[in-house]
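Visitor: Following this message is one structure expressed as structure tokens.
Any read-out appearing in this document is the output of simple, stated calculations on the displayed coordinates, not a laboratory observation. These figures come from a predicted structure and were not determined experimentally. Positions of Cβ are generated from backbone atoms using ideal geometry, with glycine treated the same way; all protein chains shown enter the neighbour counts.
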Amino acid sequence: MSRVIGLAMPRWDLGTVGYVASLPSEIDNAYSELFLRCYPTTVDMTREMDSKVSCIVNTIKRGLPIVSVVFLLDPYGIANDIGTKYGIRRGLILNSVYSWFINYLRNNGLITDVDVVELDQELSVLMLSIKARVGGNASMIAGVMATIVMNRRIKVDELPIRIMDIRNDAINHVRSVFSIH
């Protein structure tokens, strides 16, 4: 049976990409736990009410049947920094960052060709590189994960979410693509 992968970046300005993976039934269970128990009004936990964030944090701490990773990627920050400094169109840099990110996920076994991939609207651009659909429970859960680690009131080290800072790797890739030293 194939896994369901969720990818989401609900706030471009935070630059965090949430990733979740599990079997379809486990994704549905995690969705029920987070969304039908806590009733958040958004997937952006930096803008959600304290009581709902607390409910979600406690639910995550109890354990969900999913793998959760938050990537500190910041594609727009990279595009703005490098584009401004070297006069390269932002769209070209974004395409390069996203292409590198998909290859990173593939090379590290986080996405395979048999996985069902769900994206949020912001990451729908990835559909040029992978077979995916926009929407779904997995992308909504990934959105929660992407933003909950950026909520200043949360002790992130207490959550079972792996955080991976891959921004410098993405910058180095963009620099090599555009021959910037």
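Visitor: With runs of 4+ DSSP H residues as the only contributors, calculate the mean residue ellipticity of the chain at 222 nm using -39,500 (n - 2.57) per run, divided by the residue total and rounded to the nearest 500.
Guide: -13000 deg cm²/dmol
Visitor: Sorting check: for 11-23, 31-43, 83-95, 134-146, which peptide has the highest mean count of neighbouring beta carbons within 10 Å, and how do the rest follow?
Guide: 134-146, 11-23, 31-43, 83-95
Visitor: Roughly what would the spin-label model give for residue 2 and residue 99, points 7 Å off Cα along C-beta, in nm?
Guide: 2.4 nm
Visitor: Another question, if that's okay. Using a Förster distance of 22 angstrom, determine the FRET efficiency expected from the C-beta separation of residue 155 and residue 37, and round it to 0.05. Write down the numbers at each step before the final one.
Guide: Details: r = 21 Å, r/R0 = 0.95.
That gives a FRET efficiency of 0.60.
Visitor: Give me, ordered by chain and number, the residues 5 or more places off residue 134 or on other chains with an amide H under 5 Å from its own placed amide H.
Guide: 119
Visitor: Arrange the peptides 168-175, 106-113, 48-55 so that the one whose residues have, on average, the most other Cβ atoms within 10 Å appears first.
Guide: 168-175, 48-55, 106-113
Visitor: If we sort 57-66, 157-166 on the protection proxy, mean other Cβ atoms within 10 Å, highest first, what's the order?
Guide: 57-66, 157-166
Visitor: Given [x] 49, 38, 24; [y] 75, 46, 33; [z] 50, 30, 28 as candidate values of Cα extents along the principal axes in Å, which corresponds to the one derived from the coordinates?
Guide: Evaluating Cα extents along the principal axes in Å on these atoms matches [x].
Visitor: Which residues does a label at residue 52 reach in the stretch 1-26, if reach means a backbone N under 17 Å from a point 7 Å past the Cα toward the Cβ?
Guide: Label zone hits: 10-11.
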